[in-house]
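The next block holds one structure in the form of structure tokens; read it before the comments.
Read-outs: derived from the displayed coordinates by stated rules, not from any lab. Just so we're clear, the structure is a prediction, and the values are computed from it rather than from any experiment. Here the Cβ is made from the backbone with ideal geometry for all residues, glycine too, and neighbour counts use every protein chain on show.
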Amino acid sequence: MPDTKPQPVFLKRMNTAFEFLTRICIVLAAISLVAMTVFYVWLVYGRYVLNDTPTWVEQVSLLLVMVITFLGAAVGVHQHSHLSVVVFRNIVPRPVRNFFVLVTDLLMIGFGGMMFWYGIELTKFKWNSLIPLIQVSEGLRSLPLTICGALLCLFSIGHLVRLLTGWDERQDNIDES
């Protein structure tokens, strides 16, 4: 990353917006995790103490798992902490590594775009059905997938913009070799 000139304004604004989206995802995932924990405590208490199992807990928890998983995955992609295999990229020469990073970003944009597109289709298809026991739209199950796809696409475009403008800060990316 060049130290001699300041980062362009559009990159600063993009990074600020992405950090804001990331914080929202983290907060929603954290709230979902806490809520799921509380609901399961209530499930165990109801089952073994009250002898009256609250059946809604499992369905609500399945929804919360979707939120935790998909928002967490989007945050992981943005923060470069999501699962990735970079061993091969790190052992090849720098020009080849740059190419692989570029291809990876393009593939992630495509993958996120497909998740978003087909997530919308799935959400629309399931929206008029209700989840048994909690009577909310079945489309809510696929909504986190759709949001994650949009975020993956957006964050990967951000990575690509940073890469192409010379402001990429990924640790596994382009180090001096």
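Values for this structure:
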item	result
Sum of side-chain charges, Glu138 neighbourhood, beta-carbon under 12 Å (Lys, Arg +1; Asp, Glu -1)	+3
Estimated [θ] at 222 nm from DSSP helical runs (n ≥ 4, -39500 (n - 2.57)) normalised by residues in the chain, nearest 500	-25000 deg cm²/dmol
Added length on full extension, which subtracts the Cα-Cα distance from 0.36 nm per residue, Glu169 to Val103	22.1 nm
Debye log10 I(q)/I(0) for segment 90-130, one point scatterer per Cα, at q = 0.20, 0.22 Å⁻¹	-0.66, -0.71
In Hz, Karplus ³J(HN,Hα) per residue of segment 95-105 (6.51, -1.76, 1.60; θ = phi - 60°; x = Gly, Pro)	x, 5, 4, 4, 5, 5, 5, 4, 5, 4, 4
Cα centroid separation, segment 1-40 to segment 99-177 (Å)	15 Å
Theoretical FRET efficiency, 1/(1+(r/R0)^6), r = Cβ-Cβ of His80 and Thr37, R0 41 Å, to 0.05	0.90
Residue-wise HN-Hα coupling along segment 64-74, computed from phi with Karplus coefficients 6.51, -1.76, 1.60 (Hz; x: Gly, Pro)	5, 4, 4, 4, 4, 5, 6, 5, x, 5, 4
Label point distance in nm, Arg23-Tyr118, each placed 7 Å from Cα along Cα→Cβ	3.5 nm
Nearest-0.05 FRET efficiency for Thr4 and Trp56, computed from C-beta distance (R0 45 Å)	0.15
Whole-Å semi-axes of the chain's equivalent ellipsoid (Cα gyration tensor)	39, 18, 15
For Trp127, distant residues with modelled amide H under 5 Å away	Gly139
Phi-based couplings in Hz for segment 18-23 (Karplus 6.51, -1.76, 1.60; Gly and Pro marked x)	5, 5, 5, 4, 5, 4
